[in-house]
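Engineer: Before I ask anything, let me first share the structure, which is written out below as structure tokens.
Just so you know, all these numbers are worked out from the coordinates, no wet-lab data involved. Bear in mind the structure is a predicted one, so any value in this text is a computation, not a measurement. Using ideal geometry, Cβ is built from the backbone for each residue, glycine included, and neighbour counts are taken over all protein chains shown.
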Number of protein chains: 4
Amino acid sequence: MAQRLKASIVGVTGYTGLELLRMLIAHPQVDIAYLTSRQNPNTPIGDLYPHLSHLKLNVTDTDHETVAKESDVVFLALPHKTAQDTVAAMHGKTKIIDMSADFRLDDAKTYEKYYATPHVYPDLLKEAVYGAPEIYREQIKKAGIVANPGCFALLAQLMLLPYAGQIESVDIMAITGSSGSGKSPGEGTHHPVRNHNLKSYNINIHRHIPEIIRTAKITEGQLNFVPTSGPFTRGIFATAFVRTKAGAALPCAAEIYESHPFVRVMEDVALANIVGSNFCDLSYKKVSDGNYIVQGALDNLVKGAAGCAVQNMNLMFGLEETLGLSVLAPVYP
Amino acid sequence: MAQRLKASIVGVTGYTGLELLRMLIAHPQVDIAYLTSRQNPNTPIGDLYPHLSHLKLNVTDTDHETVAKESDVVFLALPHKTAQDTVAAMHGKTKIIDMSADFRLDDAKTYEKYYATPHVYPDLLKEAVYGAPEIYREQIKKAGIVANPGCFALLAQLMLLPYAGQIESVDIMAITGSSGSGKSPGEGTHHPVRNHNLKSYNINIHRHIPEIIRTAKITEGQLNFVPTSGPFTRGIFATAFVRTKAGAALPCAAEIYESHPFVRVMEDVALANIVGSNFCDLSYKKVSDGNYIVQGALDNLVKGAAGCAVQNMNLMFGLEETLGLSVLAPVYP
Amino acid sequence: MAQRLKASIVGVTGYTGLELLRMLIAHPQVDIAYLTSRQNPNTPIGDLYPHLSHLKLNVTDTDHETVAKESDVVFLALPHKTAQDTVAAMHGKTKIIDMSADFRLDDAKTYEKYYATPHVYPDLLKEAVYGAPEIYREQIKKAGIVANPGCFALLAQLMLLPYAGQIESVDIMAITGSSGSGKSPGEGTHHPVRNHNLKSYNINIHRHIPEIIRTAKITEGQLNFVPTSGPFTRGIFATAFVRTKAGAALPCAAEIYESHPFVRVMEDVALANIVGSNFCDLSYKKVSDGNYIVQGALDNLVKGAAGCAVQNMNLMFGLEETLGLSVLAPVYP
Amino acid sequence: MAQRLKASIVGVTGYTGLELLRMLIAHPQVDIAYLTSRQNPNTPIGDLYPHLSHLKLNVTDTDHETVAKESDVVFLALPHKTAQDTVAAMHGKTKIIDMSADFRLDDAKTYEKYYATPHVYPDLLKEAVYGAPEIYREQIKKAGIVANPGCFALLAQLMLLPYAGQIESVDIMAITGSSGSGKSPGEGTHHPVRNHNLKSYNINIHRHIPEIIRTAKITEGQLNFVPTSGPFTRGIFATAFVRTKAGAALPCAAEIYESHPFVRVMEDVALANIVGSNFCDLSYKKVSDGNYIVQGALDNLVKGAAGCAVQNMNLMFGLEETLGLSVLAPVYP
């Protein structure tokens, strides 16, 4: 009989936590152990989120010790910075997939530069594996801590990966849906305006930049990154203008991604094609010698967060990489 | 030479205040005297709202005394309850058009019942004229205080007015855009969900009910009122199922509204036909004897607020009722 | 080992066909036999719909005979009227779940009245079972032909079912997303206007009416039905004002639906809670004696079409009713 | 007394024609002479477009001769190619503002290359003035034929104009609302998908490219232009990554545009700030030496079409450039 995993979600009440739950419900070999939230001691999840009122599951504020001990894998859907202590507390007692930014970067200095706070566990930083399955599949299989990539970051990396090391400069314009801002209302997600607005923010200082340049093998100065908020709920659509180095010999992206079940290289990318699913769609157009237009799309909550995390879980436990994910086809239209 | 009016907006930074400004900019005989906001002492309006950065206008926290003295008319775009003191302070010194709910009802008791706070100026309540031009045009012309109707309330009243006094029962389902919730973000206007949601609230206890039943000449028990939030920015679309009294002799709604420049009786109402304009569109369908389906639409910020206020201003100063409003045709598509 | 079913979709390229495919992909005991479309002889489905480009499935124009012979169950996602001949051709050779309107009504006369064309197979009409699992579960289990309900119709029936036979009159206002109009562009689904529009159509003549009144046990004259198009992609949100007969003894809706896995009776219905899932959410509010406000929501493509069809398939083959459907939780936000 | 103009719109029933009418209604010195459409001989405009049912205006199929003779100015809101004959027929008899692409380019060869049809009146091509008031104000004042710019084209030109002649290369990603596709429904504007989609099209072959490179003083090879359709009705939001030539001495964009009433240079551009108005908002950010990010937004139907046309009309007739346009403030939110 197939192995069954006990999985817990710490911080289930945010959008990432909810999406993890949606994914895990679809997974044939997972049982939910704990769904925790500090704000909600022992509440039926349907009382907090009526769209889940059919589930007989409670949200609790169970302590980390217990959660770790009774779970094969724990997903942390916590805010950045808050996640660090939890990872430290659970490390070694269970497998951890951390959705926060706390263990995505290699060195504490870069972390401090971008997140404006020192990293408290630089040693753990070294131990964590960056959870981009298309780049670090083998390392993820053996990891005890996986740091799930940022949503913008994973998309940009998958777009640029085939050209990594051969890029002279790249300009990226990336548009994200409002679910990327999380469940807390704010000025930027106020419907009357967001409903028909487009606006860029954090140009060239966005926190996902260090993840992108590490994979693309470029410096900050070689990248322009323009994150933009768009009038839709789910997904990121990005366009990259890539200049490659003189004499660069570029591989065929379609071939590179052939063995990666959730990356689809196609003629034209459209945001609506990936909503609700774990797919990342990519297109590559040569404009002239050394001049490329690369486009990509993924669902920020799925491949950009919870779906990628489940993909990592599958790898960490020797399951089929697509298990529980391929049943969630894009919700179209 | 035509008379010019000095107009001020107290509380300009909310959506109703901003919309008033949009209307007044289009008015050929109005000069802006003061735009006030307690939170913003002497700030260029473009600093607060970049969409108005071309205007050479400052928002100030000028005291009521000065505003009243130097304005022919003052629009109050203040929260309910806050408006009362301002009306009292300015009364007699300038003409007042109050956009809040504070002077819409006839008696202090009903006010207290629906707004959960005693009315502090019951005498002024008697003096204020209810600003529905299609019902109280002559009284508005002579009024010193006009209480601008609620957005749901005006729509429902215009729908039911032709049948007033002859209604046995009426059920109204009314859907509003998110701008009706004002500029402050909240759970109900959080874009990720609002973007594709429909949800009713305050069923049969909404504060606009007393305005509706007064005009329709019915009791609370004869009305079901289901306000509903919809996934769009502007406008209210309402459907009323009307049962009339036995033997009711109903007039032709189209004839009743022929002399009212901003009410259009038509075959089929569509929300998109009125956005940005001061029109209220209505349709009347007889289903069977004594059984009618009435539909209506207006822009909650225009005919449901700022546009109706300017219409009232025109009446109060003997100007053409449509002045400055008819130039603002529906923004279609 | 569990039974595996060979399922085919005739007319896969419409929205209902695509949604069926999304559901069947998630079903653990179904293999796709044929996906057919007259317009597309032997085309990879990813060429027609890039969101499915990861699937190794071809769309073919295989003849009905072959499809029927090699399938345990055939879903017909064909236009009304076209489906009749296909049902007749396949009848007896395979189990049929017909998504069209052709076999929903009991008698040919009503069909002709509402669909303006004679019914060619009145005998088959008698054989087909109406596919509302919450009403005809036992009959569906033994059926050879199941006629899947209309999307508006199923929602209204589930709302009214607890009060069936005790209703004096009911007024329904129901708002549908644009996916209900199918994949062919038209004036009513033109984005520039639909994006912020609300408009009613086919008031009291909509084709789903006979299904509703049959279940509610009322006459056409006792129902007002106002279908309305709304500015969103998926879902129907309906409000019913119900007057019950004098002395009616109404059951508790929550109890009635306790044994029905996809109906959730809750305090407040919200459209966003059901998108992408097979749930139908319902709320019941008593306003006064004999006066009720009932609200409901479902995803028109899932519980209103493909999901309900899969639920029917499960029943017809003795599978767990929720199999393959409960893994598809609402896509929220 | 002020001069009054008789203005006609040929092809009033498209979105550009309708928007022209919205603008002209707000213009204090314009009277409508003719509103024509070949498809609609003598129909009240309210029968075609209920949002205009309050207007006492008929759409007619009056011949060009009559329209020209009885109008001071004629706006052509015709499809590309169709406009050519009308311009030729009316030329010299009235002033013409052509909204089509037919007279935007300087030479017939480029026209034929991009529009895949020979230009029939190359001589008239020389006579027409390109209607970008910020570039050709003085020429427009004396023109008999004004060719109104393309919507994408005007935005890109205003973004690049300050750097014209000093650009090494530029990559533009521009997202347009669905109203840019006109009133005819099509696959690309089908609401169920468009509602949450982003998709690029005509990359580097879009017809507005020759207008852009002429003003920017670059070759096709120096530009990447990625037009993209977005899930909103009105507006274009564009991001340009500009590399300037070595040693380029760039002027201050804010200073250049100080004297242009409808261009606002600001810190951050947001689409919602310009909807419904004639403003073009621009922002300029220096990233590093020779490396700039320029963003811009305008309403494709206003500054990108009808508003710019009225601005041109004002210039052609010696009126205040902002007349009838400054009363139309952005519709916010």
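Engineer: Taking the residues in the range D:95-118 that are among the hydroxyl-bearing types (S, T, Y) and in contact (Cβ under 8 Å) with a residue 60 or more places away in the chain as candidates, determine which candidate is nearest to D:Q139 (Cα to Cα).
Structural biologist: D:T110
Engineer: Being part of a loop (DSSP other than H, G, I, E, B) and touching a strand residue (DSSP E or B) at 6+ places or on another chain (Cβ under 9 Å) is the filter here, so list the residues in the range B:235-259 that pass it.
Structural biologist: Of everything in the range B:235-259, those that are part of a loop (DSSP other than H, G, I, E, B) and touching a strand residue (DSSP E or B) at 6+ places or on another chain (Cβ under 9 Å) turn out to be B:G235, B:K245, B:A246, B:A248, B:L250, B:C252, B:Y257, B:E258.
Engineer: I would also like to ask the following. Residues in the range D:310-333 that are assigned to a loop (DSSP other than H, G, I, E, B) and free of Cβ contacts under 8 Å to residues at least 24 places away in the same chain: how many?
Structural biologist: 1
Engineer: Among the numbered criteria (1) hydroxyl-bearing (S, T, Y); (2) within 14 Å of chain B (Cβ to nearest Cβ); (3) touching a residue at least 12 places away in the same chain (Cβ under 8 Å); (4) farther than 21 Å from D:L323 by Cα, which single criterion is violated by D:T16?
Structural biologist: Exception for D:T16: condition (4).
Engineer: With respect to C:A305, is the statement that it is of a type in the set (G, A, S), more than 11 Å from chain A (Cβ to nearest Cβ), within 17 Å of the chain's Cα centre (by Cα) and part of a strand (DSSP E or B) true?
Structural biologist: Taking the combined requirement at face value, the residue does not satisfy it.
Engineer: Here is a follow-up. Take the residues in the range D:182-191 that are of a type in the set (G, A, S) and without any contact (Cβ under 8 Å) to a residue 24 or more places away in the chain; name whichever of them is nearest to the other protein chains (Cβ to nearest Cβ).
Structural biologist: Of everything passing the filter in the range D:182-191, D:G186 is nearest to the other protein chains (Cβ to nearest Cβ).
Engineer: Condition first: aliphatic (A, V, I, L, M) and touching a Gly at 6+ places or on another chain (Cβ under 6 Å). Now tell me which residues in the range B:205-244 satisfy that.
Structural biologist: B:A238 - this is the single residue of the range B:205-244 that is aliphatic (A, V, I, L, M) and touching a Gly at 6+ places or on another chain (Cβ under 6 Å).
Engineer: Residue under question is B:R264, and the condition is that it be without any contact (Cβ under 8 Å) to a residue 24 or more places away in the chain and crowded, with 20+ Cβ neighbours inside 10 Å; does it hold?
Structural biologist: When the stated conditions are applied, B:R264 passes them.
Engineer: So, one more: Take B:L55 and decide whether it is within 14 Å of chain D (Cβ to nearest Cβ), assigned to a loop (DSSP other than H, G, I, E, B) and either within 24 Å of B:R4 (Cβ to Cβ) or not small (G, A, S) (or both).
Structural biologist: It is true that B:L55 is within 14 Å of chain D (Cβ to nearest Cβ), assigned to a loop (DSSP other than H, G, I, E, B) and either within 24 Å of B:R4 (Cβ to Cβ) or not small (G, A, S) (or both).
Engineer: Right, C:K69: of a type in the set (K, R) and more than 30 Å from A:Q29 (Cβ to Cβ) or not?
Structural biologist: Judged against the criteria, C:K69 is a match.
Engineer: Right, another one. Which residues, taken from the range D:58-77, are over 21 Å from B:P333 (Cα atoms), of a type outside the set (K, R) and not in a loop (DSSP other than H, G, I, E, B)?
Structural biologist: D:T60, D:H64, D:E65, D:T66, D:V67, D:A68, D:V73, D:V74
Engineer: Something else about it: Across the range A:24-46, what is the total count of residues that are touching a strand residue (DSSP E or B) at 6+ places or on another chain (Cβ under 9 Å), under 25 Å from C:L282 (Cα atoms) and at the interface with another protein chain (Cβ under 10 Å from one of its Cβ atoms)?
Structural biologist: Qualifying residue count, the range A:24-46: 2.
Engineer: Could you run through the range C:136-158 and say how many residues are closer than 22 Å to C:H206 by Cα and either assigned to a helix (DSSP H, G or I) or more than 14 Å from the chain's Cα centre (by Cα) (or both)?
Structural biologist: The qualifying residues number 8.
Engineer: Going through the range A:280-295 one residue at a time, which ones are of a type outside the set (V, I, T), within 7 Å of another protein chain (Cβ to nearest Cβ) and buried (at least 16 other Cβ atoms within 10 Å of the Cβ)?
Structural biologist: Result: A:K285, A:Q295.
Engineer: Assuming A:I256 fulfils every condition listed in (1) within 14 Å of chain C (Cβ to nearest Cβ); (2) in contact with a helix residue (DSSP H, G or I) (Cβ under 8 Å, 6 or more places away or on another chain); (3) more than 24 Å from D:V242 (Cα to Cα) apart from one, which condition is it?
Structural biologist: Failing condition for A:I256: (1).
Engineer: Something else about it: Please give the number of the condition A:N224 fails out of (1) buried (at least 22 other Cβ atoms within 10 Å of the Cβ); (2) assigned to a loop (DSSP other than H, G, I, E, B); (3) in contact with an Asp or Glu (Cβ under 7 Å, 6 or more places away or on another chain).
Structural biologist: (2)
Engineer: List the number of the failed condition for D:S179; all other conditions in (1) away from chain A (no Cβ under 14 Å); (2) buried (at least 24 other Cβ atoms within 10 Å of the Cβ); (3) out of contact with any strand residue (DSSP E or B) (no Cβ under 8 Å at 6 or more places or on another chain) hold.
Structural biologist: Going through (1) away from chain A (no Cβ under 14 Å); (2) buried (at least 24 other Cβ atoms within 10 Å of the Cβ); (3) out of contact with any strand residue (DSSP E or B) (no Cβ under 8 Å at 6 or more places or on another chain) one by one, D:S179 breaks only (1).
Engineer: Pick from the range D:75-112 the residues that are under 21 Å from the mean Cα position of the chain (by Cα) and among the basic types (K, R): which of them is nearest to D:T215 (Cα to Cα)?
Structural biologist: Here the answer is D:R104.
Engineer: Hey, another quick one. Being within 26 Å of A:G247 (Cα to Cα), in contact with a strand residue (DSSP E or B) (Cβ under 9 Å, 6 or more places away or on another chain) and not in a helix (DSSP H, G or I) narrows it down to one residue among A:S169, A:S184; which is it?
Structural biologist: A:S169
Engineer: Something else about it: Based on what the data block shows, is D:N224 on the phi > 0 side of the Ramachandran plot and either in contact with a Leu (Cβ under 8 Å, 6 or more places away or on another chain) or within 14 Å of chain A (Cβ to nearest Cβ) (or both)?
Structural biologist: Judged against the criteria, D:N224 is not a match.
Engineer: Let me ask you something else. Tally up the residues in the range D:198-217 that are within 14 Å of another protein chain (Cβ to nearest Cβ) and surrounded by fewer than 24 Cβ atoms within 10 Å (Cβ to Cβ), please.
Structural biologist: 9
Residue-wise test of (1) surrounded by fewer than 22 Cβ atoms within 10 Å (Cβ to Cβ); (2) assigned to a helix (DSSP H, G or I); (3) within 14 Å of chain C (Cβ to nearest Cβ).
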| residue | (1), (2), (3) |
| --- | --- |
| B:A89 | yes, yes, no |
| B:I96 | no, no, no |
| B:S100 | no, no, no |
| B:L160 | no, yes, no |
| B:G165 | yes, no, no |
| B:V193 | no, yes, yes |
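Engineer: When residues of the range D:1-41 are filtered for being among the small types (G, A, S) and assigned to a loop (DSSP other than H, G, I, E, B), how many remain?
Structural biologist: So the count comes out to 5.
Engineer: Please tell me if A:H80 is in a loop (DSSP other than H, G, I, E, B) and either within 14 Å of chain C (Cβ to nearest Cβ) or closer than 20 Å to A:G276 by Cα (or both).
Structural biologist: no
Engineer: In the range C:68-80, which residues are farther than 13 Å from C:T16 by Cβ and surrounded by 16 or more Cβ atoms within 10 Å (Cβ to Cβ)?
Structural biologist: Passing the criteria: C:A68, C:S71, C:D72, C:V73, C:V74.
Engineer: Let me ask something else about it. Scan the range D:235-251 and give yes if some residue there is surrounded by fewer than 24 Cβ atoms within 10 Å (Cβ to Cβ), without any contact (Cβ under 8 Å) to a residue 40 or more places away in the chain and more than 12 Å from chain B (Cβ to nearest Cβ), otherwise no.
Structural biologist: Yes, the conditions are met somewhere in the range D:235-251.
Engineer: Output the number of the condition that A:S229 fails; it satisfies all remaining conditions of (1) away from chain C (no Cβ under 14 Å); (2) over 24 Å from A:A101 (Cβ atoms).
Structural biologist: Unmet condition: (2).
Engineer: If I filter the range D:102-114 for residues that are assigned to a loop (DSSP other than H, G, I, E, B), within 14 Å of another protein chain (Cβ to nearest Cβ) and under 30 Å from D:L161 (Cβ atoms), do I get at least one hit?
Structural biologist: no
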